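*Asks:* What follows is a single structure, and I will ask about it in a moment.
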Amino acid sequence: MKGTGTAARRLESYVEGAWRQGEGDGKPVLNAATGDIHALIGTEGLDFKAALEWGRATGGPALRSMTIHERALMLKAIGLQLMEQKEDFYRENFATGATRKDGWIDIEGGIGTLLTFASKARRELPNTKVLSEGAVEPLSRDNSFSAQHILTPLRGVAVHINAFNFPVWGMLEKIAPTLIAGMPCVVKPASQTAYLTELVVRRILDLGILPDGALQIVTGSAGDLLDHVIEQDVVTFTGSASTGQKLKSSPAILQHSVRFTMEADSLNASILGEDAAPGTEEFDLFVREVQREMTVKAGQKCTAIRRVIVPEAHENALLEALSKRLASTTVGLPDDDNARMGALVSLKDRDDVRSKVTLLANESEIVSGSLDSVDLVSGEAEKGAFMAPVLLRCEKPMSAEAVHAVEAFGPVATVMAYRDGEEAVALAQKGRGSLVSSLFTNDGTVAREIVIGLAAYHGRVLIGNRRSAKSSTGHGSPLAPLVHGGPGRAGGGEEMGGMRGVKHFMQRTAVQGTPELLSAVTGQWLEGAPARSDLHPFRKSLAELKVGDQIVTEAREVTREDVEHFAEFTGDTFYAHMDSDAAKANPFFDDRVAHGYLIASFAAGLFVDPAPGPVLANYGVDNLRFLTPVYFGDSLKVRLTCKEINPRENADHGEVRWDCQVTNQKDEVVAQYDVLTMVAKTWPLAA
Ligand code: NAP
């Protein structure tokens with residue numbers, strides 16, 4: 001039968017290395033769509049102070065003993081295994097009121113986020129335990145004193161508190177960057193949907209991939225958990241602004257300056273550009289996007305569109321088109337394929353949404369949908385938390401207040417009209433900071449004015465038009481490589497954003513000292529640190545190569561014939577290489593100069609050791625700068641130094657970064673860059 005869940009399960013918390021039940025029978029958690037008891041939950045009697053200590057003492061050291069790539073590979077293995085088990089999660093997902101499509105965002109979106117972090121970390125971060133950030137700062141003329149910013153994992157525990165609406169994604173998007181950073185986690189899902197998070201954590205722990213103490217879960221009330229956080233811990237919170245404010249000012253967090261990241265609610269806007277008149281593709285895309293955002297997860301998405309901001313001239317057409325689409329939205333049991341929209345997460349939530357709509361209706365009118373009735377394709381209206389999508393219209397949005405402040409966390413949005421672009425931006429800003437806004441326009445001038453106006457108030461802005469109609473990821477989807485979070489009302493937090501998110505769980509430290517000692521700390525060679533020149537470093541496999549291995553080449557003269565040959569051969573006959581008078585008239589040159597790429601090519605000719613060997617390939621250069629012009633007759637030489645070694649965990653080679661400095665006969669640096677190569681771990685290669 002549609003909507004029947006599994007028998008009520010007593011949920012457990014995984015703390016201090018074991019699955020533990022709270023005292024007593026636990027409180028019932030109801031199936032959102034059927035009203036049946038789905039699970040029993042409670043944490044009474046669990047020792048959260050000991051759980052935090054166990055995470056710090058056991059999980060922290062184990063994670064920090066691994067490199068970033070080792071940790072990322074662990075997450076990859078977990079993500080792949082979870083994907084295999086996704087049908088179990090989908091079955092549990094229905095109890096939350098979410099349809100299969102809704103569940104896709106949470107379940108596969110969550111696992112995909114974990115996998116994206118695992119892969120980006122291996123591509124974008126070195127395979128080390130310490131991260132260096134930015135360039136070395138030379139602080140003395142003689143290279144005896146320099147500085148480097150480094151990042152190391154915090155030594156505490158990250159407590160991740162989540163909202164009910166993304167029980168899988170919400171947890172995975174938080175633990176992925178934390179574990180890659182090398183910090184253990186305690187996750188605390190919202191009680192209402194904790195059964196799904198608990199199931200996923202159970203499956204993760206059953207895999208036996210994570211070290212002991214790396215991941216714990218508190219299933220039920222957080223009790224006194226936050227009373228025991230200390231200075232090296234991090235607390236992240238996703239949920240309502242009111243709970244967030246309360247937790248942010250809890251005594252232990254204030255007393256120990258605990259890093260606190262808040263992702264709260266927000267009154268996200270979507271703006272229709274003045275150019276996007278009825279009949280344009282942008283108008284139709286806008287209508288579709290607003291309907292989708294109002295009805296996906298029954299509108300219980302932190303990024304859902306709450307305010308629909310449209311040009312005065314198009315308001316009536318928009319109201320008509322949107323109302324028509326909303327009226328065609330089928331509502332029913334989440335596992336019924338005929339239902340486009342499932343249930344809200346609980347009857348309590350539905351009551352709350354209804355009372356919020358009543359507040360909004362003091363200054364707006366309901367133009368589509370009703371609070372009193374809903375047509376269902378399946379399910380029972382008294383038992384499940386079903387409601388029809390409700391569209392309001394606010395006539396005087398510049399002076400209205402509730403519409404910019406009250407979040408009805410359900411399938412509810414309000415349409416409001418603007419006179420010009422400035423007013424559209426002013427209306428969006430009245431939300432006092434949001435996670436995301438979107439703009440539908442095909443006009444670059446409109447895009448520039450509105451996006452720049454919105455940016456300071458938002459963590460993300462999406463521009464939709466006909467060209468991206470098929471490829472756009474949509475208004476409501478936070479993505480692993482992009483920042484999620486917004487200022488002000490949205491909580492002022494920032495999550496994900498690719499590798500930026502990993503750094504939220506590390507301490508940035510400026511380290512000053514001699515280059516030699518800085519190099520010992522970071523494992524990277526830097527200017528002024530000692531170097532060795534014995535065997536040509538290209539003859540060394542990763543097993544033999546050391547940071548600081550160096551070759552200084554013979555000199556090579558650059559002649560007029562070289563430059564003319566290069567010009568003719570490549571077709572680069574830019575006047576500064578070919579025409580003496582024209583070159584002299586250029587403010588940078590005294591005469592004809594050699595091509596920069598000729599210098600880089602000659603440099604390779606000088607430092608390369610040609611015979612087959614452990615250096616397998618050159619895959620690029622970073623930070624190439626031509627610093628001094630090279631004239632005919634100048635003599636170049638190269639100093640190539642092994643700067644950083646990154647063995648790949650699951651390959652027989654690794655990446656080596658070489659500091660390459662090209663100087664002339666006066667020891668002036670003419671070119672400086674990093675050469676990037678792939679080098680075999682052993683040589684000859686294993687058959
Ligand atoms: P909520 O009531 O504020 O609860 C959020 C979390 O805080 C839950 O895990 C809750 O646990 C926990 N909590 C409550 N009191 C606590 C305490 N004293 N100590 C420790 N933890 C405590 O929010 P919700 O109803 O679950 O979620 C809906 C709201 O979240 C909406 O306003 C939505 O906009 C917002 N949201 C924001 C984002 C975002 O990324 N910005 C994402 C999703 C949702 P219990 O459930 O056990 O009480």
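The values are calculated or read from the model by the stated rules, or taken from the named source; none is laboratory data. None of the values given here were measured: they were computed from a predicted structure. Because the Cβ atoms are built from the backbone with ideal geometry, glycine has one as well, and the counts that use them run over all protein chains shown. To get the accessible areas, we keep the full protein, side chains included, count just its heavy atoms, and leave off ligands, DNA and RNA. Shrake-Rupley method; radii C 1.70, N 1.55, O 1.52, S 1.80 Å.
*Asks:* Can you tell me which residue within segment 630-644, out of those that are touching a strand residue (DSSP E or B) at 6+ places or on another chain (Cβ under 8 Å) and open to solvent by 10 Å² or more (accessible area, probe 1.4 Å), is farthest from L526 (Cα to Cα)?
*Replies:* Filtering first and then ranking leaves G633.
*Asks:* When S146 is evaluated against the numbered criteria (1) outside the structural domain of K120 (by TED's automatic domain parsing); (2) open to solvent by 10 Å² or more (accessible area, probe 1.4 Å), which criterion, by number, is the only one it fails?
*Replies:* The number of the failed condition is (2).
*Asks:* In this structure, is V461 within 30 Å of Q245 (Cβ to Cβ), more than 13 Å from the ligand (Cβ to nearest atom) and open to solvent by 20 Å² or more (accessible area, probe 1.4 Å)?
*Replies:* Yes.
*Asks:* A further question on this structure: Determine whether segment 645-658 contains at least one residue that is within 18 Å of A555 (Cα to Cα) and either open to solvent by 30 Å² or more (accessible area, probe 1.4 Å) or not in a loop (DSSP other than H, G, I, E, B) (or both).
*Replies:* No, segment 645-658 contains no residue that is within 18 Å of A555 (Cα to Cα) and either open to solvent by 30 Å² or more (accessible area, probe 1.4 Å) or not in a loop (DSSP other than H, G, I, E, B) (or both).
*Asks:* So, one more: Within segment 213-233, does at least one residue satisfy the condition of being in contact with a strand residue (DSSP E or B) (Cβ under 9 Å, 6 or more places away or on another chain), open to solvent by 10 Å² or more (accessible area, probe 1.4 Å) and away from the ligand (no atom under 11 Å from the Cβ)?
*Replies:* Yes, segment 213-233 contains a residue that is in contact with a strand residue (DSSP E or B) (Cβ under 9 Å, 6 or more places away or on another chain), open to solvent by 10 Å² or more (accessible area, probe 1.4 Å) and away from the ligand (no atom under 11 Å from the Cβ).
*Asks:* Checking I599 against (1) crowded, with 17+ Cβ neighbours inside 10 Å; (2) touching a Lys or Arg at 6+ places or on another chain (Cβ under 9 Å), only one condition comes out false. Which one?
*Replies:* All conditions pass for I599, except number (2).
*Asks:* Let me ask something additional. For segment 234-251, enumerate the residues that are near the ligand (Cβ under 7 Å from one of its atoms) and farther than 19 Å from K301 by Cβ.
*Replies:* Residues satisfying the conditions are K246, L247.
*Asks:* Looking only at helices (runs of 4 or more DSSP H) that lie completely in segment 45-92, which have at least 2 residues being open to solvent by 10 Å² or more (accessible area, probe 1.4 Å) and on the phi > 0 side of the Ramachandran plot?
*Replies:* Answer list for segment 45-92: none.
*Asks:* Let me spell it out: the conditions are (1) over 22 Å from the mean Cα position of the chain (by Cα); (2) within 23 Å of A252 (Cα to Cα), and S146 meets all of them except one. Which number is the exception?
*Replies:* Single failed check for S146: (2).
*Asks:* What number of residues in segment 93-107 are open to solvent by less than 40 Å² (accessible area, probe 1.4 Å) and part of a helix (DSSP H, G or I)?
*Replies:* The total comes to 7.
*Asks:* Right, something else. How many residues are touching a residue at least 40 places away in the same chain (Cβ under 8 Å) and within 13 Å of the ligand (Cβ to nearest atom) if we restrict to segment 172-194?
*Replies:* The number of residues fulfilling the criteria is 8.
*Asks:* Which of the residues belonging to segment 575-596 are open to solvent by less than 50 Å² (accessible area, probe 1.4 Å), out of contact with any His (no Cβ under 8 Å at 6 or more places or on another chain) and not hydrophobic (A, V, I, L, M, F, W, C)?
*Replies:* Within segment 575-596, S580, N586, G596 qualify.
*Asks:* Could you say which residue among A327, A343, A339 is open to solvent by 30 Å² or more (accessible area, probe 1.4 Å) and either farther than 21 Å from T193 by Cβ or of a type outside the set (S, T, Y) (or both)?
*Replies:* Testing whether each residue is open to solvent by 30 Å² or more (accessible area, probe 1.4 Å) and either farther than 21 Å from T193 by Cβ or of a type outside the set (S, T, Y) (or both) leaves just A327.
*Asks:* Looking for something over 24 Å from N623 (Cα atoms), in contact with a helix residue (DSSP H, G or I) (Cβ under 9 Å, 6 or more places away or on another chain), surrounded by 16 or more Cβ atoms within 10 Å (Cβ to Cβ) and modelled with pLDDT of 95 or more - is there at least one such residue anywhere in segment 551-559?
*Replies:* No, the conditions are met nowhere in segment 551-559.
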